[in-house]
Amino acid sequence: MKRRQVITYTEYRSLSELGENMQRLFKRALKVQRDAYAPYSKFKVGAAVRLEGGQILCGSNQENAVYPVGLCAERVAIFQAGALYPDVRICDLVILAGGERAANNRPVPPCGSCRQAIAEYECRQGYPIRIAFGGADGGAIIEVRTVAGLLPFGFSKAFL
Ligand code: THU
């Protein structure tokens, strides 16, 4: 039997269509993206998370001469939240990315490993994390209400 999974997402044409909270997160992600440590790929990524209560934590990609040792911006941000505020809910995550060969205005989705990391925190807190990516220089923004929209058939502790 063939089955189909449908994902729902919202597409915005510019940052101005977003609410104040999300606009603020994009601004913070843009700021932190500039200082990304990406000497090898030259592809800079900035991420910002908003916790319940309004606190914002940021991350940028951190590369290494031993390539696999580096870490994505999303995980730098979300692990910070997990480490510093383990009992505070993570509400939103925004991601901006661009490099020498790629403009900063394409919606760049989180990689598979980051999706899995985000899924873990949704599970831990029992609430979804809204994720938005794209749009730094006027491009489109994609938003999903939960990481499940980016990770069909995801693995979780429920299978252990
Ligand atoms: N990168 C991220 O920071 N987040 C992603 O979701 C995709 C990739 C980084 C890792 C590496 O430093 C560079 O972008 C190129 O892959």
Residue in the stretch 42-63 that is farther than 27 Å from PHE153 by Cβ, open to solvent by less than 10 Å² (accessible area, probe 1.4 Å) and touching a Ser or Thr at 6+ places or on another chain (Cβ under 9 Å) present: yes
Test: residue in the stretch 78-86 that is among the β-branched types (Val, Ile, Thr) and in contact (Cβ under 8 Å) with a residue 12 or more places away in the chain: yes
Count of residues meeting criterion [buried (at least 23 other Cβ atoms within 10 Å of the Cβ) and either within 13 Å of the ligand (Cβ to nearest atom) or modelled with pLDDT under 95 (or both)] in the stretch 114-135: 6
Selected residue (only one of LEU25, LEU57 is in a strand (DSSP E or B) and under 17 Å from the mean Cα position of the chain (by Cα)): LEU57
Selection within the stretch 64-105 - within 13 Å of the ligand (Cβ to nearest atom), over 13 Å from the mean Cα position of the chain (by Cα) and surrounded by fewer than 17 Cβ atoms within 10 Å (Cβ to Cβ): ASN64, ALA65, VAL66, TYR67, PRO68, VAL69, GLY70, GLY99, GLU100, ARG101, ALA102
Those residues of the stretch 11-22 which are part of a helix (DSSP H, G or I) and surrounded by 18 or more Cβ atoms within 10 Å (Cβ to Cβ), in sequence order: LEU15, MET22
Residue tally, condition farther than 20 Å from GLU143 by Cβ and in a strand (DSSP E or B), over the stretch 28-54: 3
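The values are calculated or read from the model by the stated rules, or taken from the named source; none is laboratory data. Here the structure is a predicted model, which means the values were calculated and not measured. Backbone-built Cβ (ideal geometry, glycine too); neighbour counts: all protein chains shown. Heads up: the accessible areas ignore ligands, DNA and RNA and are worked out on the full protein's heavy atoms, side chains in. Shrake-Rupley method; radii C 1.70, N 1.55, O 1.52, S 1.80 Å.
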